[in-house]
Amino acid sequence: DTEVTQTPKHLVMGMTNKKSLKCEQHMGHRAMYWYKQKAKKPPELMFVYSYEKLSINESVPSRFSPECPNSSLLNLHLHALQPEDSALYLCASKPGGGGANVLTFGAGSRLTVL
Amino acid sequence: AQSVTQPDIHITVSEGASLELRCNYSYGATPYLFWYVQSPGQGLQLLLKYFSGDTLVQGIKGFEAEFKRSQSSFNLRKPSVHWSDAAEYFCAVGPDSGYSTLTFGKGTMLLVSP
């Protein structure tokens, strides 16, 4: 299995809703990433987990809450989002530790906030 | 600070013609360079990477890229473009390892005309 699987593919939510994005990989990778990508822009790093611990938080607003319950799973909990948070959210992974910086990306979750 | 410049926002190429996408980088140490491709609504797929050694690297889907240290460039080429190559292409630079983020260029949208 050489894939990063993201669910749901599409999510529409209101500003008062609570929802979650899910990312799963079974490649044995120990580093997992969340990126945010607005239309016509490159991906922007949000969070990095290494060995299930948060190692990088790029000053992301607290309405985004990441969680890494185990080495295969990464969640992004969403609460009280704003319309400007509408974007494609990409998950990525790589072999952990000091491994080469070659990321495997998922297909993304397209989020629309109304 | 590291940066990546992709000077062309859009490029249109006729099917069967050759392609070159430009990428210039600024990086304080030995750069590790990547080209990713993104089809509409999809995640990023790694086309090729350069870490060291031969400066001409081969990738998937018939793509190649040449690292030129003197010009701080890592241009992507393909001898004959297919309609399925129409996509957004991102050049990225980063460390060889660790969790520091990759720095992406703003992307070049490739359009293929019949």
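The values are calculated or read from the model by the stated rules, or taken from the named source; none is laboratory data. What you see is a predicted model; the values in this text were computed from it and never measured. Backbone-built Cβ (ideal geometry, glycine too); neighbour counts: all protein chains shown. Calculation scope for accessible area: heavy atoms of the full protein, side chains included, ligands and nucleic acids excluded. Shrake-Rupley method; radii C 1.70, N 1.55, O 1.52, S 1.80 Å.
Working note: Cα gyration tensor of segment A:1-65, eigenvalues times five, square-rooted, sorted largest first, giving semi-axes of 21, 16, 13 Å. Normalised by the number of residues in chain B, the mean separation of alpha-carbon contacts (under 8 Å, six or more apart) gives a relative contact order of 38 percent.
Taking segment B:12-39 and a reference point 7 angstrom along Cα→Cβ of B:Ser70, the backbone N atoms nearer than 20 Å belong to B:22-27, B:30-31.
Going by accessible surface with a 1.4 Å probe and the largest first, A:Asp85, B:Asp54 read B:Asp54, A:Asp85.
Charging the Cβ of each Asp and Glu at -1 and of each Lys and Arg at +1, and nothing else, the dipole of the protein assembly as shown about its Cα centre rounds to 360 debye.
Work out, step by step, the length gained on full extension between B:Glu20 and B:Ser3: first 0.36 nm times the residue separation, then minus their alpha carbon distance; give nm to one decimal.
Values: separation 17, 0.36 × 17 = 6.12 nm, distance 2.01 nm.
Length difference between fully extended and current span is 4.1 nm.
With N residues in the protein assembly as shown, what two-decimal value do you get for its Cα radius of gyration over 2.2 N^0.38 Å? Numbers along the way, then the final one.
Values: Rg = 17.7 Å, N = 228, 2.2 N^0.38 = 17.3 Å.
After normalising by residue count via 2.2 N^0.38 Å, the value is 1.02.
Our summary gives chain A a relative contact order of 37 percent, counting only alpha carbon pairs under 8 angstrom and 6 or more residues apart.
Among the lysines of segment A:1-93, pairs that are 8 or more positions apart or on different chains and have alpha carbons within less than 20 Å of each other number 14.
Viscosity 0.890 mPa s, temperature 25 °C: what is the translational diffusion coefficient of chain B from Stokes-Einstein with a Kirkwood Rh over Cα pairs, rounded to a whole number of µm²/s? Don't jump to the answer; show the numbers that get you there.
Numbers: Rh = 14.2 Å.
Taking Rh from Cα pairs, D becomes 173 µm²/s.
Ranking of B:Tyr89, A:Tyr51 by solvent-accessible surface, largest first: A:Tyr51, B:Tyr89 (1.4 Å probe, protein heavy atoms only, all chains present).
The calculated FRET efficiency for the pair A:Asn17 and A:Ser55, based on their C-beta separation and a Förster distance of 35 Å, comes to about 0.75.
A plus B alone minus the pair: what accessible area, both sides summed, probe 1.4 Å, in Å² to 100?
Numbers: alone 6160 and 6260 Å², together 10620 Å².
That pair of chains buries around 1800 Å² in total.
Please arrange B:Thr103, A:Thr16, B:Thr12, A:Thr112 by accessible surface area, largest first, computed with a 1.4 Å probe and ligands excluded. Numbers along the way, then the final one.
Numbers: B:Thr103 30, A:Thr16 120, B:Thr12 95, A:Thr112 50 Å².
Descending accessible area places them as A:Thr16, B:Thr12, A:Thr112, B:Thr103.
The residues of the protein assembly as shown have, on average, 47 Å² of accessible surface per residue, using a 1.4 Å probe with all protein chains present. Site pair B:Ile11 and A:Lys9 shows an inter-label distance of 3.0 nm when each label is modelled 7 Å from Cα along Cα→Cβ. As a fraction of the 1.4 Å probe accessible area of chain B, surface on carbon and sulfur atoms comes out at 50 percent. All other residues whose Cβ lies under 11 angstrom from that of A:Asn75 are scored, Lys and Arg at +1 and Asp and Glu at -1, for a net of 0. Ligands, DNA and RNA left out, the 1.4 Å accessible surface of chain A is 51% carbon and sulfur atoms. Bins of 5 Å, beginning at zero and ending with the bin holding the largest distance: percent of Cα pairs per bin for chain A, please. Computed distribution, short to long bins: 2, 13, 24, 26, 19, 10, 4, 1, 0.
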